[in-house]
1. When you scan the stretch 79-135, how many residues do you find that are part of a strand (DSSP E or B) and of a type outside the set (A, V, I, L, M)?
2. If a residue must be touching a strand residue (DSSP E or B) at 6+ places or on another chain (Cβ under 9 Å) and within 18 Å of Gly23 (Cα to Cα), how many such residues does the stretch 69-85 contain?
3. Looking at Gly187, is it of a type in the set (Gly, Ala, Ser) and over 23 Å from Tyr252 (Cα atoms)?
4. Can you list the helices (runs of 4 or more DSSP H) lying wholly within the stretch 174-291 that have 1 or more residues being within 24 Å of Gly136 (Cβ to Cβ)?
5. Restricting to the stretch 122-181, and then to whatever is aromatic (Phe, Trp, Tyr) and farther than 20 Å from Glu333 by Cα, can you tell me which residue is modelled with the lowest pLDDT?
6. Give the residue, chosen from Val66, Val100, that is closer than 16 Å to Val163 by Cβ and out of contact with any strand residue (DSSP E or B) (no Cβ under 8 Å at 6 or more places or on another chain).
7. I'd like the full set of residues that are touching a Phe, Trp or Tyr at 6+ places or on another chain (Cβ under 6 Å) and assigned to a strand (DSSP E or B), limited to the stretch 297-353.
8. What's the number of the condition Asn261 fails, among (1) closer than 30 Å to Glu162 by Cα; (2) out of contact with any Cys (no Cβ under 6 Å at 6 or more places or on another chain)?
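The values are calculated or read from the model by the stated rules, or taken from the named source; none is laboratory data. Only a predicted model underlies this, so the values are computations on that prediction, with no experimental measurement involved. Cβ coordinates were reconstructed from backbone atoms using ideal geometry, including for glycine residues, and neighbour counts include every protein chain displayed.
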Amino acid sequence: METSAKTSVTETVLITGGGGYLGCRLGYTLHKMGINVVLFDIHKPIQQVPDTVVFIKGDICNYMEVEAAIRNVDCVFHLASYGMSGREQLNKKLIEDINVKGTKHVIQACLKNGIPRLLYTSTYNVVFGGQVITNGDESLPYLPLHLHPDHYSRTKSLAEMEVLHANGTKLKNSTGVLQTCALRPAGIYGPGEQRHLPRIVNYIENGLFKFVYGAADSLVEFVHVDNLVSAHILAAEALTGGKNYIAAGQAYFISDGKPVNNFEFFRPLVEGLGYKCPTIRLPLTLIYFIAFLTEIIHFFVGRIYNFQPFLTRTEVYKTGVTHYFNLQKARKELGYNPQEHSLSEIVEWFKARGHGRKLTTYNVKRFMWDVIFCMLLSAFIMSWLPVVSA
């Protein structure tokens, strides 16, 4: 990653959720800058990290493990969360435990151990719940908790509130106070991303990407992982006296700064892998209803067969309803300057792992999916047509 920011972030940092995609990328970048990095996660890093980067296996829901890991660090990047997408969104208890209780553990451990800085990775969803937002900013209020369409967004709101409320709290056995801030990133993408892109490619390759939905002019945002890493480093620096603690108690929207239609954004990926983008456009309300039915089915059969829902209601909102935000505050206060990125590197990443359309092979499986999809769609549409009496 290239960044113009000359940083003296910390001597030692701890990253919760450090085994994940963003955590590994952030840890690797900080390590290259000469900073001691500790990754804390229940899972081992999904990417290879230098031997000098410390990995501590631990559960964010276990306070004793969190408290032990946080000792003797100068800054905590709290990335750990659960329930962002897919069937994870339907496990309410685990979402609550990790996102809310886990965050309280981190705050408590920071205060007990005299850690001066805590940066929380939040989400756009703290203010968004399916309503249109055009060029919004940080003055927007939190979405009322009862209006969140999913438990993940609700708990991320609660966690962000906890982190920002803790700003200025006196540290134990220290004359200082805890400085906190929150970043609200858009959808993350980049080569090696494990949450969204493999699922999308799987749908493409199995012939399930047959339609788009929502208005053709609806706009959403994304953020390349390297831009998000840069924002984290800049925000951590902005919690120091050298930057007059300008970020203390603040939240910032972070994206590439380029609103785009969700399906147009992924066009280079679809076509780069040798497939055609669908031309059928379905109403947003229809897809939302189908997602609702899918969630109902999962509720009843999920304990027996924990299948991956094609879409959840929240995912329909996130991808089909306009919501984007300006970066003025992040640019001015953090010095954030997102760099240009394309999906070409992601296409090459997937191709290097054997993905992409094999034009010389007749795919019977894809043909059968096409037939099934057309039959189901026809049956569903016909069920809505009025019955004509003889």
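1. Going through the stretch 79-135 one residue at a time, the tally reaches 5.
2. Here the count works out to 11.
3. Criteria not met by Gly187.
4. Those helices (runs of 4 or more DSSP H) span 225-237, 262-265.
5. Here the residue is Tyr152.
6. Answer to the selection: Val100.
7. Scanning the stretch 297-353 gives His323, Phe325.
8. Result: Asn261 fails condition (1) only.
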